[in-house]
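Chemist: Okay, here's the structure, questions in a sec.
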Amino acid sequence: MAASATRRSETLESIVNVIARSAAEIRQGLVGRRGAVEAENPSGEVQMEADVWADGILRRRLSAIDGVAQYASEEEPEVFECGDIEDGFAVAVDPLDGSSNLQSNNTMGTIFGVYDQPLPASGRSLVTAGFVLYGPIITMAVANEEGVSEYELSGGERTLITDDLTLPEDPVVFGFGGRAQHWPPAIESYVETIRTELKLRYGGAMIGDVNQVLSYGGIFAYPTLETHENGKLRLQFEGNPIGYVLKQAGGRSSDGTRSLLDVEATELHQRTPVYVGSTEYVDRLEAALE
Ligand code: AHG
Ligand code: MN
Ligand code: MN
Ligand code: MN
């Protein structure tokens, strides 16, 4: 991106502000949009009314920002070109993460990653990434080269809670997705071991489960499955942004072999196994899969 440093930081600030200011509207709009639509998303999954609606809000607003050249979403097959990628960022969003939790009224989130390369892009080209968590309080985590900041969002305001969100020293929780009967033996025995050390916390929305790991330390995974070798989560929209957040919070990520940020990006909607959290537990996971 040839833009000046000032223009770059203004664009990044605008992206974060637009997502923060859209959060209350997205959460409010979940009411009455808990049904499925006819269409499937590009990953071949059921698309909820709220998925489509949240994507529409974020696409309209983010693509209008001067300095945003590409917008891509888990809900749309193609990248939306909205500027000169030589002179702009690529924004990838999971507009509503955990929309299967609409039925059970559990936490959900919005995930974003700002890449300095055309999509699909390497996680190493992320300049900012983070998420909004629609919990009892709407909170937002924003990671950049300085570290991770956490905010409370209320009444259109973004209140800083901490500018140094880091994983606690002593890990406490773990959450592994998928069905246990589909876990490969190495994953099964790894979980058998860590469940004697950590407490199970799994809520079915990546962002809710990842935020537990950020708060208490531990590991979140949507592992490789015997039925789905690359697991369920998407590299561009979920794996890379959350892998970047955990790295900046003092932890790490893996696809089972390497950092998620080093997984080669070939397809916009490619899936990847996801293991993120306290370094000790991700290191042990990689050793278990060797
Ligand atoms: P999304 O709603 O964006 O499609 O993401 C759902 C993902 C992720 O949030 C969560 O970790 C995982 O699906 C849960 O999958 P299971 O329902 O198979 O546990
Ligand atoms: Mn998701
Ligand atoms: Mn989603
Ligand atoms: Mn989905």
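Chemist: Taking the highest mean first, how do the peptides 54-65, 231-242, 257-268 order by number of other beta carbon atoms within 10 angstrom per residue? Walk me through the intermediate numbers first.
Modeler: On the way: 54-65: 19.3, 231-242: 26.5, 257-268: 16.2.
Those peptides, ordered most packed to least, come out 231-242, 54-65, 257-268.
Chemist: Still on this structure, please answer the following. How large is ³J(HN,Hα), in whole Hz, for each residue of the stretch 204-216 in order, when computed from phi with the Karplus curve 6.51 cos²θ - 1.76 cosθ + 1.60 and θ = phi - 60°, using x for Gly and Pro?
Modeler: x, 10, 3, 5, x, 6, 5, 5, 5, 5, 5, 7, 10
Chemist: In square nanometres, what is one fourth of the surface area of the convex hull spanned by the alpha carbons of the chain? Provide the component values of the computation, followed by the final result.
Modeler: Working: hull surface 55.9 nm².
Mean projected area for the chain: 14.0 nm², to one decimal.
Chemist: Take the Cβ-Cβ distance between residue 283 and residue 105 as r, set R0 to 35 Å, and report the resulting FRET efficiency rounded to the nearest 0.05. Intermediate results must be reported in sequence, preceding the final value.
Modeler: Values: r = 36 Å, r/R0 = 1.04.
With R0 = 35 Å, the Cβ-Cβ based efficiency is 0.45.
Chemist: Could you work out the helix-only [θ] at 222 nm for the chain, with each DSSP H run of four or more residues adding -39,500 (n - 2.57) and the total divided by the number of residues, to the nearest 500 deg cm²/dmol? Could the numbers behind the result be given before it?
Modeler: On the way: 6 runs with 79 residues, N = 290.
Rounded to the nearest 500, it is -8500 deg cm²/dmol.
Chemist: Roughly how big is the stretch 5-162's charge dipole about its Cα centre, with Cβ charges of +1 (Lys, Arg) and -1 (Asp, Glu), in debye to the nearest 20?
Modeler: Values: 11 positive and 26 negative charges, 101 e Å.
The dipole of the stretch 5-162 has a size of about 480 debye.
Chemist: Pop out the ³J(HN,Hα) list for the stretch 64-75 in order, Karplus 6.51 cos²θ - 1.76 cosθ + 1.60 with θ = phi - 60°, rounded to Hz; leave Gly and Pro as x.
Modeler: Taking θ as phi minus 60°, the curve returns 8, 6, 5, x, 9, 9, 9, 10, 9, 9, 4, 8 Hz for the stretch 64-75.
Chemist: Also, quick follow-up: Once the principal axes of the Cα atoms of the stretch 1-107 are found, what is the range along each, listed largest first in whole angstroms?
Modeler: Largest to smallest, the principal-axis extents are 46, 27, 17 Å.
Chemist: Related question: Name the shape class, rounded, prolate or oblate, that the alpha-carbon gyration tensor gives for the stretch 48-152, where a ≥ b ≥ c are the square roots of its eigenvalues, rounded holds for a/c under 1.5, and otherwise prolate holds if a/b is larger than b/c and oblate otherwise. Mind showing how you got there, number by number?
Modeler: Numbers: a/c = 2.18, a/b = 1.35, b/c = 1.61.
Verdict is oblate for the stretch 48-152.
Chemist: Let me ask something additional. Please work out the Cα center distance from the stretch 130-182 to the stretch 1-62, rounded to the nearest Å.
Modeler: 18 Å
Chemist: Right, here's the next one. Just to confirm the number: angle between the C-alpha axis of helix 185-194 and the first principal axis of the chain, 0 to 90 degrees, nearest 10?
Modeler: Roughly 90 degrees, rounded to the nearest 10.
Chemist: Run the quick spin-label model on residue 80 and residue 163: label points 7 Å from Cα toward the beta carbon, then report their separation in nm to one decimal.
Modeler: 3.3 nm
Chemist: Along the principal axes of its C-alpha atoms, what lengths does the stretch 173-289 span, in descending order and rounded to whole Å?
Modeler: Between the extreme Cα coordinates on each principal axis of the stretch 173-289 lie 38, 31, 26 Å.
Chemist: Roughly what percent of Cα-Cα pairs across the stretch 1-60 reach past 18 Å?
Modeler: Values: 900 of 1770 pairs.
Tail of the P(r) past 18 Å holds 51 percent of the pairs.
Chemist: Would you mind calculating the gained length between residue 266 and residue 180 on full extension (0.36 nm times residue separation, minus the Cα-Cα distance), in nm to one decimal? Each step should come with its number before you reach the end.
Modeler: Numbers: separation 86, 0.36 × 86 = 30.96 nm, distance 2.91 nm.
Fully extending the segment from residue 266 to residue 180 adds 28.0 nm.
Chemist: Taking H as built 1.01 Å from N, whose amide H comes closer than 5 Å to the amide H of residue 230, not counting residues under 5 places away?
Modeler: Under 5 Å from the amide H of residue 230: 225.
Chemist: What are the ³J(HN,Hα) values, in whole Hz, obtained from phi via the Karplus relation 6.51 cos²θ - 1.76 cosθ + 1.60 with θ = phi - 60°, for each residue of the stretch 152-163 in sequence order, with x given for Gly and Pro?
Modeler: 9, 10, 7, x, x, 9, 10, 9, 5, 9, 8, 9
Chemist: Would you mind checking the tilt of helix 279-289 against the longest principal axis of the Cα atoms of the chain, expressed as 0 to 90 degrees and rounded to 10?
Modeler: 60 degrees
Chemist: Using modelled backbone amide H atoms (1.01 Å from N, in-plane), which distant-in-sequence or interchain residues come within less than 5 Å of residue 148's amide H?
Modeler: The list, which skips near neighbours in sequence, is 165.
Chemist: Could you work out how far the C-alpha centroid of the stretch 226-284 sits from that of the stretch 78-93, in angstrom?
Modeler: Using only Cα atoms, the two centres lie 23 Å from each other.
Every number here is computed from the coordinates shown, using simple stated rules; none is lab data. These numbers come from a predicted model, not from an experiment. Note: ideal-geometry Cβ built from the backbone for every residue, glycine included; neighbour counts use all protein chains shown.
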